[in-house]
Amino acid sequence: MKKNVYVYLLLLPGLIILLLFLAAPLFSTVFRTFQGNEGLTLAKYIAFFKDSYNRGVYIRTLKLALLTTLIAVILGFPTSYYISRLSRRARGLYIIFAVFPLLTSPVVRSFSWMVILGKNGILNSILLKLNLIEEPLRLLYNEFSIVIGLVYLFLPLMIMSLVGVMENIDEDLIEAAESLGATRREVFIRVIFPLSIPGLIVGSVLVFTGSITAYTTPQLLGGSNTTVLATLIYQNAMSLFDWDTASVVATIMILTTVFVTFLINKLSSRLNA
Amino acid sequence: MALLSLKNISVAYGKNVVLKNLNLDVEKGELVSLLGPSGCGKTTTLRLIGGFVEAKNGRFVFNGKDYTKIPVHKRNFGFVFQNYALFPHLTVFDNVAFGLKQRNIPKNEIKKRVMEILETVGLKDYADRSPRELSGGQKQRVALARALVIQPDLLLLDEPLSNLDAKLRVKMRLEIRKIQQEYNITAIYVTHDQEECFSISDRVAVMNNGVIEQLDTPQKIYNLPRTEFVANFVGFENFIELELEAKERGGGGFYKLKNGQRFKVTHFNGREYERYVKGAIRPEEIDILNEGGGKETNTLKGIIGISTFLGKHYQYVVETEVGRLLVNGSAHKRYEKGERVTLYFPEDKIVLV
Amino acid sequence: MFALLVYLFLIIPLIIITGAAFGTDEYLRFPPQGFSLKWLANIFEVEMFVRTFKISLEIAVLGTVLALLVGIPAAYGLSRYDFVGKNFLQGFFLSPVLVPGIVFGFSLLNFLIIKYEMPVYTSLLIGHTVIIMPYIIRVISSSLENFDYSIEEAAISLGASKVKTFFVIVLPNITSGVIAAFILAFINSFNNVPVSIFLTGPGISTLPIQMMSYVEYYFDPTIAALSVVLMVMTIILMFIIEKTLGLSYFAK
């Protein structure tokens, strides 16, 4: 590589765009939340968290994100392990079927669950036909449907992160462990799992932060009493025209994602030490 | 009775047959090498013994018990992999201790045995290192220690030195041999490197196309190959078609060449007499004489073709009535292209294959 | 077995939606009754779908082209040269992917439309250009990583200028990377909701936003039919990605 002043010229257009249209707007949003009548203040944050409704929204968002991440790990881990041990060709096929939903519009993906979980949806009609229930269950517009929607949205991401790491675990390591007397279960616990942790971390960060910030799914699959941070921003900005509160929620969202990413990374470096 | 026997083992991946009715007996305390070009089935044989490959047909008997269906983790065989296969998330100590922990051995006993074996392989001070921090040679020692510490009933080594540089290879193979003999451990060693194989083994099995062509001591393999493949593999570059004329007592006999010339062959590797055979001879065993020199038998007339200087000697391509032959000649005298010579084939240097 | 069930979970909803798109019922159900293409045809009856589809397409193409124009030189600079602050700048160029879309969209509304009174359409285009940038930079950088710069040096030694070398030597060698970057960026722009949702105005909206508001009021299979159209589009684009970048890129 060479040293060259002209390189900055290559980067300049991009830098200008990002500074003007990413950094400046974000800064302006964050800045106004600390602006008071006289200098900087945390008053808006205090007011926000004093409101039990807001606290509820915040806690719900974290809870749903945590639940989503856990389910994605539980479903994704064994699946990814299975995929990572397949032949190159079969693995490619599985990857295609994971990437396809990932590239499909989130509106379409959330909508498909409205079709399944709705009052006259498929699940209810099946259950009714089997005489397992008398009346249609209320499956939609609650926390349950949001979690299902989020898991559906982010599971491919978890699978891709894990497969990426697991397919690099050398088959020889597994055979070495077996030749030293480890059963399949022990191989999994003592070799596969520890070596998959980096993928697990990446996947979890992606799914968790994705769930905290997701808008489409909670908007379509959630109801009026399942507001989360993302829908709260939208409500405050577009229905209540309360720009200050919307900015506060936005800032809280940024801080939370940064903090969670930092925490999980910290945790992983301790695990690796 | 042999400690280990493979009986009529066949292995196939789909239609691709890798091993065909393979038989192999290994005695206790022996180091047997499987030697051959890539794709000959040597690694498959080793992995079958290790339990990583399933046989389509045949039985694997070990120590009088049928091991054919015993899972890998119950075999108690140490396996040393070509690329070491050290657990990257564990220290050297924990790598070596892995198998012992699996056997529920008390902690202080584990510590004692791990440190002992690390001392044997000269890595006592490296116990707390991560495999990443080790050189190739050190990694291989850890892999060896890890396989040995479980006191395996059999040690399997899959081209363990092929990722090391030439000098280190020589050093490590001596060490492996020393440790193997010290522990009196039965071992099977896969390699494609002849010199390595000959220097380390009690017996060598030369494999080709999924069968063992010859199982013998290194000396016999080198001097008295029994098949054309083995002969070619160990450096017999010239093959001359022969037809039996008269047997001699104690082996050997008189043979006729295609051009009517007669060869006497005394060297005999214990094959049955066959009417049509091939005589194999190394380039360095053929003598170049001036035209018309030598006796009636065991000579051929030829014309010098391309010559190459190889340092210790010249190597000539010589055109003869029975085909092109490779012959080494002294570095002091160089025959010119087109020169007519007589080649002499010493009767005890020709091997019938 | 478990993996298969998980994959059924991933695939079945998309199959159901496809099935529902071709039913004859006024209402969404599965298995559908009968077979008809009327819902597919109905997409074109809803004027807003047609209009927003065009807008989404325009924004995605324009945004991607803009991001490519800015992103290719940046990616080239970042992978070819060593300079002060390289790591920081690399992070900065990828940072839009870390900012929650909903926060970014809201901030753009606040800053561009309210504060500086920029037109909605321009703001929407700018927003999409920014969120697309990291995809461009990442894909182009990774294909530049495989590019042997000694080829470039050879061209310069033969008398080509630096700029000419870039266009004649470097660019043709990373075409597949550029195509893949284009497609990925296009998909991400086309499917975006959280940024677009704040940047709509009279007569200006994107298809996903329009679909979301349609679903709030109607529950007929038109949306399912539209979903099928979008999925077919995704399949075609995925095919192109597979041919250029390889889908295993996503497992990294």
Checklist outcome for this item: Flagged in the range C:16-26 as facing chain A (nearest Cβ under 9 Å) and either among the hydroxyl-bearing types (Ser, Thr, Tyr) or free of Cβ contacts under 8 Å to residues at least 60 places away in the same chain (or both), in numbering order, are C:Ile16
Next on the checklist: Suppose the filter is touching a Leu at 6+ places or on another chain (Cβ under 7 Å) and of a type in the set (A, V, I, L, M); does A:Val163 pass it?
Outcome noted: no
Next on the checklist: With the structure loaded, tell me whether A:Arg60 is over 30 Å from A:Ile197 (Cα atoms), part of a helix (DSSP H, G or I) and more than 9 Å from chain C (Cβ to nearest Cβ) or whether it fails that test.
Outcome noted: no
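Residues being surrounded by 20 or more Cβ atoms within 10 Å (Cβ to Cβ) and part of a helix (DSSP H, G or I): count how many of those fall in the range C:166-177.
1
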Next on the checklist: Restricting to the range A:67-108, count the residues that are free of Cβ contacts under 8 Å to residues at least 40 places away in the same chain, among the aliphatic types (A, V, I, L, M) and surrounded by fewer than 18 Cβ atoms within 10 Å (Cβ to Cβ).
Outcome noted: 6
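Given the criterion over 27 Å from C:Gln210 (Cβ atoms) and among the aliphatic types (A, V, I, L, M), identify the matching residue among C:Leu89, C:Leu108. Working first, answer last.
Details: C:Leu108 fails: over 27 Å from C:Gln210 (Cβ atoms).
Going through C:Leu89, C:Leu108 in turn, just one is over 27 Å from C:Gln210 (Cβ atoms) and among the aliphatic types (A, V, I, L, M): C:Leu89.
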Checklist entry - Residue check, C:Pro194 against (1) in a loop (DSSP other than H, G, I, E, B); (2) modelled with pLDDT under 90; (3) farther than 24 Å from C:Glu45 by Cβ, all met but one. Which one? => result (2)
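Can you work out which of the residues in the range C:229-248 that are among the β-branched types (Val, Ile, Thr) and within 9 Å of chain A (Cβ to nearest Cβ) is surrounded by the fewest Cβ atoms within 10 Å (Cβ to Cβ)? Step through it out loud before you land on a result.
Of all residues in the range C:229-248, those among the β-branched types (Val, Ile, Thr) come to C:229, C:232, C:234-236, C:240-241, C:244.
Checking which are within 9 Å of chain A (Cβ to nearest Cβ) leaves us with C:234-235, C:241.
Numbers: C:Thr234: 21, C:Ile235: 13, C:Ile241: 23.
Of everything passing the filter in the range C:229-248, C:Ile235 is surrounded by the fewest Cβ atoms within 10 Å (Cβ to Cβ).
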Item to check | Subset tally (residues that are under 12 Å from the mean Cα position of the chain (by Cα), facing chain A (nearest Cβ under 10 Å) and either in contact (Cβ under 8 Å) with a residue 40 or more places away in the chain or within 16 Å of C:Leu108 (Cα to Cα) (or both)) for the range C:175-202 | outcome: 7
Item to check | Members of the range C:203-228 found to be in contact (Cβ under 8 Å) with a residue 12 or more places away in the chain, part of a helix (DSSP H, G or I), of a type in the set (S, T, N, Q) and more than 10 Å from chain A (Cβ to nearest Cβ), listed by number | outcome: C:Thr222
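Select from the range C:66-93 the residues that are free of Cβ contacts under 8 Å to residues at least 12 places away in the same chain and not aromatic (Phe, Trp, Tyr) and list them in ascending order.
If we filter the range C:66-93 for residues that are free of Cβ contacts under 8 Å to residues at least 12 places away in the same chain, which is where we start, we get C:69, C:73, C:77, C:81-89, C:91-92.
Correct list: C:Leu69, C:Pro73, C:Gly77, C:Asp82, C:Val84, C:Gly85, C:Lys86, C:Asn87, C:Leu89, C:Gly91.
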Next on the checklist: Looking at the range A:223-247 only, could you name the residues that are buried (at least 24 other Cβ atoms within 10 Å of the Cβ) and away from every other protein chain (no Cβ under 12 Å)?
Outcome noted: none
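The values are calculated or read from the model by the stated rules, or taken from the named source; none is laboratory data. Just so it is clear, the model here is predicted, and its values are computed rather than measured. Neighbour counts are summed over all protein chains in view; Cβ atoms, including those assigned to glycine, are modelled from backbone coordinates with ideal geometry.
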